[in-house]
Amino acid sequence: MNDDLSHLFAEVVSARAAERVARGGPRRQGENARSDTGRLALSLRAYARALEKYRLPVPPVIRDELRLRSGLPS
């Protein structure tokens, strides 16, 4: 359980960092511009599902970010 959650959380952290770098860099076109945002959304969903699978609470920050991202076009 711990390894699974640790791996998924590390992916969330990595995806957040990649998105932050992409937002601070020069504008990219097309699918490349959305890949970091999509990666973060997927990793957040996977982490939340894993927490629920182990009957652990999803932190409010993760839950809120998922709600916000679900309303944004990817």
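The values are calculated or read from the model by the stated rules, or taken from the named source; none is laboratory data. As the structure is a computational prediction, the values presented were derived from the model and not from experiment. Here the Cβ positions follow ideal geometry from the backbone for every residue, glycine too, while neighbour counts run over all protein chains shown.
Confirm whether R49 is under 16 Å from R67 (Cα atoms) and at pLDDT 95 or above. So R49 fits the description; yes.
All conditions in (1) outside any helix (DSSP H, G or I); (2) surrounded by 11 or more Cβ atoms within 10 Å (Cβ to Cβ); (3) at pLDDT 75 or above; (4) not hydrophobic (A, V, I, L, M, F, W, C) hold for R28, with the sole exception of (3). Being in a helix (DSSP H, G or I) and at pLDDT 75 or above is true of D64.
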